[in-house]
Structures are given as structure tokens and as C-alpha cells.
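Q: Pasting in a structure now, in C-alpha cells, and then I'll have a few things to ask.
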Amino acid sequence: MMRIGIVDTTFARFDMGRAAIDELMTHATDIKAVRRTVPGVKDLPVACKLLIEREGCEMVMALGMPGPEPIDKMCAHEASTGLIQTQLMTNTHIIEVFVHADEAESQEELAKLAEKRTREHAYNVFLLLKHPERLTEMAGTGQRQGWKDEGPLGKGDLKRAKGKGVGKVGQDAAKHGSAEAKTATAVDGVVHRG
């Protein structure tokens, strides 16, 4: 049985942990959710690390709802940096699911966003563990968790990009005189040096 860590916070105004576990259980019966709750988002990285190293979790969801103030945004950034570092230290995916308190216009919209984003990321966890090829099939499709999907760029977007010739990287570098950069060109959106 696969063990999935779920770490949420008391600071959040929505029970994101419940939504994540409920969604995971709708897709797989051979998953055991191991839930821990911490005070705030800066406590998430160590809780995730403990679930991986001591509880044997194969993947963890880190759930938080940072507030709207500048200090809250700074704390969210620090927590995110800590989660990335924890992933690298443990070679384990930690799916960060943050819903910022100022992302929605009303309390009702914020609750719906928290529910939807949490569930969609929980489904991503299921796919990463059980069907990673399905994520590959969705590459480049503009998926957005919690909001309406953006969709892929259209052929018209690619034609407009190709019509501009040398990409911005090549233009900037050529303007500054780099011999290597003077030969940089963009083909199909990729910078080639030659």
C-alpha cells in the first residue's frame, strides 16, 4: 500500500487536508493517507521531511493558505523554497498547494478555489504515482489547478512568434557585441547558437 503524506495548517481557513484525502480515496483504494497538521506554511517543509523519512511516504502534499499581507507572501515564498529544498534532500515529490487569501473576490469564491485546487492537485498526485504517462499526454495543454484551464497556444501564436525572426535572447546579445551571440537565432522558439 502506497503511503501519501498530507500536511496542512491551522492558519488555513479551509480544510484542505480533508479535501485532498477525499479526492485521493476516490481514485485509488491502495493508498494510505498519513496526515499531519502544523501551525503555518513555514512549518510545512520539516513536517513533509518527517513524513518521508520517518513514515515512509512516497509523495507528500503540502497544503497552505497564506494571508494577503506582504509578510504572508514572504512567508509563503520562504515555505516554498523550503519545500523545494526538502524535495532535493529526499528525492521525493512534494506537491505544493497554496491558495493565497487574496486570490478570490469573495469568501465563497475562496472556498471554492481552495476545494478545487486541492482536489485537482490530489488527482495530479494520483497520476504521478499510478499513471505518469497521462501527465505526459497533458504536457503543453495549459492546465490550471483551481481556475479554468488556459489551454494550449494555438497555431496562430506560433506563426506570430516565427515571424519575429531572431529571438529576444539573440537580439539582446547581438546588440551587446558577443561574437557567439551575434550568430544566435530562434527557430521554432528555441535559441540556436552557431
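Read the figures in this text as sums done on the coordinates, not as results from a lab. Keep in mind the model is a prediction, meaning the values are calculated, not measured. Note: ideal-geometry Cβ built from the backbone for every residue, glycine included; neighbour counts use all protein chains shown.
Q: Answer yes or no as to whether GLU103 is surrounded by 13 or more Cβ atoms within 10 Å (Cβ to Cβ), charged (D, E, K, R) and part of a loop (DSSP other than H, G, I, E, B).
A: It is true that GLU103 is surrounded by 13 or more Cβ atoms within 10 Å (Cβ to Cβ), charged (D, E, K, R) and part of a loop (DSSP other than H, G, I, E, B).
Q: Can you name every one of the strands (runs of 3 or more DSSP E) wholly within segment 1-81 that holds 1 or more residues which are surrounded by fewer than 23 Cβ atoms within 10 Å (Cβ to Cβ) and more than 18 Å from the chain's Cα centre (by Cα)?
A: Correct list: 2-9, 31-38.
Q: Report, by residue number, each residue of segment 82-99 that is farther than 22 Å from THR10 by Cβ and either within 13 Å of the chain's Cα centre (by Cα) or in a helix (DSSP H, G or I) (or both).
A: Answer for segment 82-99, where residues must be farther than 22 Å from THR10 by Cβ and either within 13 Å of the chain's Cα centre (by Cα) or in a helix (DSSP H, G or I) (or both): ILE84, GLN85, GLN87, LEU88, MET89, THR90, HIS93.
Q: Inspect segment 114-136 for any residue being in a helix (DSSP H, G or I), free of Cβ contacts under 8 Å to residues at least 12 places away in the same chain, of a type in the set (Lys, Arg) and out of contact with any helix residue (DSSP H, G or I) (no Cβ under 6 Å at 6 or more places or on another chain) and give the result as yes or no. Reasoning before the result, please.
A: So the first thing to find is which residues in segment 114-136 are in a helix (DSSP H, G or I), and the list is 114-130, 132-136.
Restricting the remaining residues to those that are free of Cβ contacts under 8 Å to residues at least 12 places away in the same chain gives 127, 132-136.
Right, trim to of a type in the set (Lys, Arg) and you get 134.
From what's left, out of contact with any helix residue (DSSP H, G or I) (no Cβ under 6 Å at 6 or more places or on another chain): none.
Checking segment 114-136: not a single residue is in a helix (DSSP H, G or I), free of Cβ contacts under 8 Å to residues at least 12 places away in the same chain, of a type in the set (Lys, Arg) and out of contact with any helix residue (DSSP H, G or I) (no Cβ under 6 Å at 6 or more places or on another chain).
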